[in-house]
Amino acid sequence: MESNRRWHDPEVEIFSNLITPGTCCSAEAYDLANRRWYRLDVDAEVQDEDWLSSTVAKHVREFYSANEKVPPWNTIKTTARGSPVTFETKPDGYVDRPITKSLSYGLEPTDKLPTTAFDQLENLTYISRSADRCTWHGKDCVFKRIEFDVDIKPIMTEIRIRESLINAIGSAGPADANAEMLRRFLVVPVLAVVIGKSKPWKPGTVAGILMPFAGQDLEILARDADLPLPITEHQLWDLVRGVRELGKCGVEHGDIKYWNTVLQPAEGEDASAKLVLIDLGSVAPGYDGDAKALGALLLWCLEHVPALRENQATMAKVDAAAAALAEEDFDTALESLSPADA
């Protein structure tokens, strides 16, 4: 396990399962939570991926509970009954699915974002596939990593979009540009491009991007039935304004959804909570544009935020704004939501 990573209860996915009829199966298993590959060999045909993943998770969890460290082995051999079981340590190339492509950054004068080494990140803690929470120079951050080859293009797109927004902001310094990116576009900035020094990345190439932790996304917040989502009309107006500003700069988010929208807590006495966007640039299949997606998000908020529905005037404003966005009319949407203090 990475030396700067905190242990997390295993979250195992099966990436392939080679079955030899009447003989055995060999499964490639990846523990997302601890970023480790395992191989599981079973002496019978097993096509149940839940059984395969839970078997790997069980043995990894048991070893850690008994030894307070990740297992030295990476191969598990067992039967369809689950016993007996033996453990082996195979060469990494035999078990791991390596990252074969790479991305360079920070060597060209046009590269605008700062860089930092992967080993400067501390207390890496699993959030989801490709995302870890961490600390960096005392800041609470999120590390969005290149975990597989397919992650390289989205990471590069995120970098280039932030650079284009920095160009649109103008001559502000990096810290001011980050604050302005949040204020003007409601987009979480990239603090640094992270450079790897060892596997799984080719030394000196991009391992991922580092962003400030901006809060929980709306999907996570909506799961807590005891805490109604504290979303206001003003926050919706501000988000519509920010997405319109993105469009003016020629930037499309590409996947505006509740899981890509974060509620950023207020910071400071005069500040207020904001809805801000993450995961820019990877256009979802069948995506119908930012305006229509944003309108759908407004309707999702109406459904999940009682405070918006309980006020008839507010509900009518949000409905009208969503209808305007369905016609890609940002100006009318903003007029519909316009609060007195806008």
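The values are calculated or read from the model by the stated rules, or taken from the named source; none is laboratory data. Please read all numbers here as calculations on a predicted model, not as lab measurements. Neighbour counts run over all protein chains shown; Cβ positions are idealised from the backbone, glycine included.
Some notes on this structure:
- Condition met for VAL190 (touching a residue at least 60 places away in the same chain (Cβ under 8 Å), under 18 Å from the mean Cα position of the chain (by Cα), within 18 Å of CYS249 (Cβ to Cβ) and not in a helix (DSSP H, G or I)): yes
- Test for ALA322: is it without any contact (Cβ under 8 Å) to a residue 60 or more places away in the chain, surrounded by 22 or more Cβ atoms within 10 Å (Cβ to Cβ), within 29 Å of GLU158 (Cβ to Cβ) and touching a Leu at 6+ places or on another chain (Cβ under 9 Å): yes
- Considering residues of the range 42-56 that are small (Gly, Ala, Ser) and surrounded by fewer than 19 Cβ atoms within 10 Å (Cβ to Cβ) only, the residue nearest to ASP132 (Cα to Cα): SER54
- Members of the range 79-102 that are closer than 12 Å to TRP37 by Cβ, modelled with pLDDT of 90 or more and loosely packed, with under 13 Cβ neighbours inside 10 Å: PRO91
Quick grid of which residues meet (1) assigned by TED's automatic domain parsing to the domain that holds GLY286; (2) without any contact (Cβ under 8 Å) to a residue 40 or more places away in the chain:
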residue: LEU182; (1), (2): no, no
residue: PHE185; (1), (2): no, no
residue: ASP226; (1), (2): yes, yes
residue: THR232; (1), (2): yes, no
residue: TRP237; (1), (2): yes, no
residue: PRO265; (1), (2): yes, no
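- Set ASP132, ASP92, ASP119, ASP96: member being of a type in the set (Asp, Glu) and within 27 Å of VAL187 (Cβ to Cβ): ASP132
- Qualifying residue in the range 300-310 (condition: of a type in the set (Gly, Ala, Ser) and out of contact with any helix residue (DSSP H, G or I) (no Cβ under 9 Å at 6 or more places or on another chain)): no
- Search result, residues across the range 253-293 that are of a type in the set (A, V, I, L, M, F, W, C) and assigned to a loop (DSSP other than H, G, I, E, B): ILE256, ALA266, ALA271, ALA273, ILE278, LEU280, VAL283, ALA284
- Subset tally (residues that are of a type outside the set (Val, Ile, Thr) and in a loop (DSSP other than H, G, I, E, B)) for the range 294-314: 1
- Selection count where residues are under 17 Å from MET181 (Cβ atoms) and not small (Gly, Ala, Ser), scope the range 250-298: 17
- Scoring ALA179 on the criteria (1) buried (at least 16 other Cβ atoms within 10 Å of the Cβ); (2) under 21 Å from ARG162 (Cβ atoms) leaves a single failure, condition (1).
- Here ARG61, ARG39, ARG35 are screened, and the one residue that is crowded, with 18+ Cβ neighbours inside 10 Å and either under 20 Å from LEU124 (Cα atoms) or among the aromatic types (Phe, Trp, Tyr) (or both) is ARG35.
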